[in-house]
Each structure stands twice: as structure tokens, then as C-alpha cells.
Amino acid sequence: MKPISQPFSKTLLGIAILAVFLFSFSCSPETDMNSLENLESVDASAKKEKENEKERPWKIKTAGTFGVDFTLPGCGPLLPLKIEGSGTASHVGNLDVVLTWCTPGIGLPGNFIIDGVITAANGDEIWFESTGEFRPFEIDYIVTGGSGRFEEAKGAFTLTQTDFEIIAVSPEGFPSGTYANEGGGYIVY
């Protein structure tokens, strides 16, 4: 057998050392594509999810009418008022809103329950309910979900009454009238 020449053996040794060096760095944790962190950094949907988790400032302004509606479910012995209106809100644009307000009577102390739906011009919905925190002319709400781009939305906002006028009272003593409010908070969607 013929011996290997010295320059050839040095080249072969250099290639072997280079291969070991490259192999050892190719398996480092910084470049391990199986790690969740690195997958999220290259996954556009993961980036969008994280971006959507931020609280966005939210301004709302609506006006409309209210009246007693005994066809509304869930009020029990309380007086069921249906509130309908329209307005604008950031992240929504033009909107329609429908609320159910269960109350012992306008201006009376007691248990108030309000839940509602904001519908954007494209049909996407935001669902919300009162928190039970009622101050004169102010009500706090939480966002409980929605549809379309507002699916799984969450948030909180406060509306301040800017107008509330009883226009008529039925023979049974039930009021109807107009309202206006505005306020803000945040929404996550």
C-alpha cells in the first residue's frame, strides 16, 4: 500500500476539522428550528395573534330611543327596556346598537342588568354587558365577545349619559324616550 502524501493528509485533516466545527454550530439552540420561540418568529399568524392581544383605545358615541318591551327575555320581575340607537366608534366606524335594560323603574334604586350588541356596517358584532357599577349618568361595561373580526373580543368601557328625555308615558305608566351617550375605554380583538 502506498503512503498518503503529506499535503493531501493535511487537506484531509483540515476538511475533517471544518466538518466537525460546522456540525457543532449547526445544532446550537440559537438555530434550532424546532424551538417554539423560533417558530413563532417566522410564523406570521403567531405575530398577528400577539399583535391582536394589545389593548386598543376605544371611543364610542351613540344616540337613539328607548321603550318598554315585554317580549325581551331575561328580565324576570324587572321592567324590560329596549334601547336602540346608532352612532360611531373607533375600530368600528358607523354602528347600530341594541340593548336590553332590566330595571325596577327609571330613576329607582335596585338591580340593573344591561346587555347589548354593537353591529358594525359590515355586520361584525361586539357583545357587551354592564358590570353592575352604576354611578349617576355613567355605566361601566365589559366586552364579552363578538363575531367576524371581533370574535373573542374583550375589553372595558364607560359610557356617560349626555341626554335622556322621557317623551311619552303609556296609560300603564311605562316610559319611552330618547337618549345620547359617549365614552370610551379599550378593546382587544
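Below is a table of values for the structure above.
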quantity: Where Pro171 falls short, out of the listed (1) within 20 Å of Asp69 (Cα to Cα); (2) open to solvent by less than 70 Å² (accessible area, probe 1.4 Å); (3) of a type outside the set (D, E, K, R); calculated: (2)
quantity: Some residue of segment 94-113 being open to solvent by 40 Å² or more (accessible area, probe 1.4 Å), at pLDDT below 95 and in a strand (DSSP E or B); calculated: yes
quantity: Condition broken by Asp163, with the remaining ones in (1) surrounded by 15 or more Cβ atoms within 10 Å (Cβ to Cβ); (2) modelled with pLDDT of 95 or more; (3) under 21 Å from Gly67 (Cα atoms); (4) of a type outside the set (A, V, I, L, M) satisfied; calculated: (1)
quantity: Selection within segment 70-93 - at pLDDT below 95 and either more than 21 Å from the chain's Cα centre (by Cα) or farther than 29 Å from Val188 by Cα (or both); calculated: Phe70, Thr71, Leu72, Pro73, Gly74, Cys75, Gly76, Pro77, Leu78, Leu79, Pro80, Leu81
quantity: Pair list, Cβ < 8 Å and 6+ apart or interchain, from segment 162-175 residues that are closer than 12 Å to Ile106 by Cβ to residues that are among the polar types (S, T, N, Q) and surrounded by 10 or more Cβ atoms within 10 Å (Cβ to Cβ); calculated: Phe164/Thr178; Glu165/Thr178; Ile166/Ser176; Val169/Ser176
quantity: In segment 124-160, residue nearest to Phe70 (Cα to Cα) [restricted to those that are small (Gly, Ala, Ser) and open to solvent by 40 Å² or more (accessible area, probe 1.4 Å)]; calculated: Gly132
quantity: Failed criterion for Arg149 (all others in (1) in contact with a strand residue (DSSP E or B) (Cβ under 8 Å, 6 or more places away or on another chain); (2) within 18 Å of Glu53 (Cα to Cα); (3) not in a loop (DSSP other than H, G, I, E, B) hold); calculated: (1)
quantity: Failed item in (1) under 21 Å from the mean Cα position of the chain (by Cα); (2) not in a strand (DSSP E or B), with Pro171 passing the rest; calculated: (1)
quantity: Near pairs, Cβ below 9 angstrom, 6+ apart or cross-chain, from segment 62-88 (within 15 Å of Gln161 (Cα to Cα) and without any contact (Cβ under 8 Å) to a residue 40 or more places away in the chain) to any residue that is open to solvent by 30 Å² or more (accessible area, probe 1.4 Å) and of a type in the set (Val, Ile, Thr); calculated: Glu84/Thr65; Glu84/Val98
quantity: Output for segment 114-141, where each listed residue is in a strand (DSSP E or B), at pLDDT below 95 and among the hydrophobic types (A, V, I, L, M, F, W, C); calculated: Ile114, Phe134, Ile139
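The values are calculated or read from the model by the stated rules, or taken from the named source; none is laboratory data. Keep in mind that what you see is a predicted model, and the values were worked out from it rather than measured. Every residue, glycine among them, receives a Cβ derived from its backbone with ideal geometry; neighbour counts consider all protein chains shown. Only protein heavy atoms, including side chains, enter the accessible area calculation; ligands, DNA and RNA are left aside. Shrake-Rupley method; radii C 1.70, N 1.55, O 1.52, S 1.80 Å.
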